[in-house]
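The values are calculated or read from the model by the stated rules, or taken from the named source; none is laboratory data. Quantities reported herein were computed from a predicted structural model and do not represent experimental measurements. Ideal geometry is used to build each Cβ from the backbone, glycine not excepted, and the neighbour counts take in all protein chains shown. Side chains included, ligands, DNA and RNA excluded: accessible areas come from the protein's heavy atoms. Shrake-Rupley method; radii C 1.70, N 1.55, O 1.52, S 1.80 Å.
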Amino acid sequence: MNEQAKSILECSKRLAALEQQCREAEARLGFALFAGSENAAAGSETFRVREQEKEALESLFADVERLSAELRAKNARLRDVRQTIRERSARRDAAYEPLGRALLEDAGGDFSGYLAAIPAEIDALTARAETAEAELQSIRDKAARQTLFGKALSLAKLGSKQTALQLLKRQIAKTYLKAGYTAFSSAEFKDLAEREALPAGIRAAFGECAALERDIAGIDAEASSLDAELAEITAELKAAGVTVSAMLRLNGIKKEIAQKADEQQSLAAKAGKQFADARFSASGEALPEAGDWSISTEAEPLIGELQRLRAEAASVRNEIALLNLTARLEGCDKDIEARRGSVSANAAKIERLQAENAKLSAEEDALAGTRESLLAERAELERRTF
C-alpha cells in the first residue's frame, strides 16, 4: 500500500469516528431539547410517553426484584422454622415416654382413666420381655456346658432371641410414649397438672412436655405467618407478571426498558438532527435560524459542539476527496505518459514501414520493367516462328 492509499485509509477512519461523534452529539442535543423545550418539539410527546413507560417499567423491575428477594428470604426462614419444628417435635415426642413411665409406675395414683388399655399392653409386653430374658439366660447357661459345636448352635439361637428381646423393649418404649401422649392429650389430665394436683415426678415430666408444646406452638405460629406472607408475595409477583420465575420476568422487563431507551435515543437523535439541520449545513456552515424551540442552557454548548464536529467531518471529507482526485490525476498522468510512449513507438513503426513500402514499390517497378522486356522478347520469337 502506497503512502497516498494509507493517507486515504487514515482519513476514512477519522471520518467514521467523527460521523459517529456527530450522531452521538445529535442525540445528546435532542435529549437536551426535550428536557428544556416548552414548545412541541418534533417527537417530544412520544418521547415523554416513552419516558413514563420506562419509569413504570423501572419501578416494576424494582418491585419484582424486592419481592423476589423477600420471597427467597422468607422461604429460607420458613425452611429453618420447619426444621426447628421437626426437631422440637422429636424432642416432645421423646418426652412423652418418661411421662408415660411416671404415670404407670406411680404407686400412689390411679391414672388408668387417662390411659385406657395401655397399662394392660405394658403388662403383657413386660411379661413377654421377662420370659425372653429368662430364655436368654437359660441358653447362656446351656452354652457354657456344651461342646464347641453345640455351643455354636446355642449362640446362633441366642442372637435370634436377643434381637426379639430388643424389638420387645422398643415396643414397650413406644407404648410408654403412647401412654404419655394419651394422658397429655386429655383436658382433664392437663387440668390436674395446672392445679398441681399431681405427684412431683409426673408434674416434672408433664412440665417438660408442656414447655416443648408451647415452644412448638410459637414456632408453628411463625410458620403460619410466613406461609401467609409468602402467599401475599406470590400473589403480588403474579400480578407483576411473574409466571415461571422472577429471574425470567426481570430479564423480560430489562429488555422492555432497553427497548424504550432505544426508542428515546432514536427520537432524540432525530430531533437533534432536525434542529441542527435548520441552523447549519452538513458541513457546519451557519444557516438562517428556523423553528421556534426554546433552548435550554444545557443545549447551547451542544449546538456549538455539533457544528464544530460537522465542520471537522466536512474538512476530512474534502481531504479524502482531494486525495482521491490527486490519485486520479496521477493515474491520468501515468495513462497519458503511457499513451505518448505508444504514439512514439507507433510513429517509429510507421516510419520503418513507410521505408519498407518504398523499397517494395521500387522492386515492383523493376519487376514490371523486366516483365515488359520479357513480353517483347516472347513476341519477337513468336513472330519469327510463324
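List of remarks:
- Given Lys74/Lys178; Lys13/Lys54; Lys13/Lys273; Lys13/Lys254; Lys142/Lys174; Lys6/Lys334, the pairs whose alpha carbons are separated by over 26 Å: Lys74/Lys178; Lys13/Lys54; Lys13/Lys254; Lys142/Lys174
- Label-point gap, in nm, between Ala76 and Arg339 - each point 7 angstrom along Cα→Cβ: 8.4
- Residues in the chain average 64 Å² of solvent-accessible surface per residue, probe 1.4 Å, ligands and nucleic acids excluded.
- If you take all other residues with their beta carbon under 14 Å from the beta carbon of Ala129, and give Lys and Arg +1 and Asp and Glu -1, the sum is 0.
- Less than 5 angstrom separates the built amide H of Phe280 from those of Leu287, all sequence-distant by 5 or more or on a different chain.
- Per-residue 3J(HN,Hα) values for the range 219-231, derived from phi via the Karplus relation 6.51 cos²θ - 1.76 cosθ + 1.60 with θ = phi - 60°, read 5, 5, 5, 5, 4, 5, 4, 5, 4, 5, 5, 5, 5 Hz in sequence order (x marks Gly and Pro).
- Nearest-0.05 FRET efficiency for Thr297 and Gln4, computed from C-beta distance (R0 56 Å): 0.75
- Helix-only [θ]222 nm of the chain, DSSP H runs n ≥ 4, -39500 (n - 2.57) each, per residue, nearest 500: -31500 deg cm²/dmol
- To put it simply, the accessible area of the chain at a 1.4 Å probe is 54 percent carbon and sulfur.
- Placing a label point 7 Å from the Cα of Leu375 along the Cα-to-Cβ line, the residues of the range 348-364 whose backbone N sits under 20 Å from it are 361-364.
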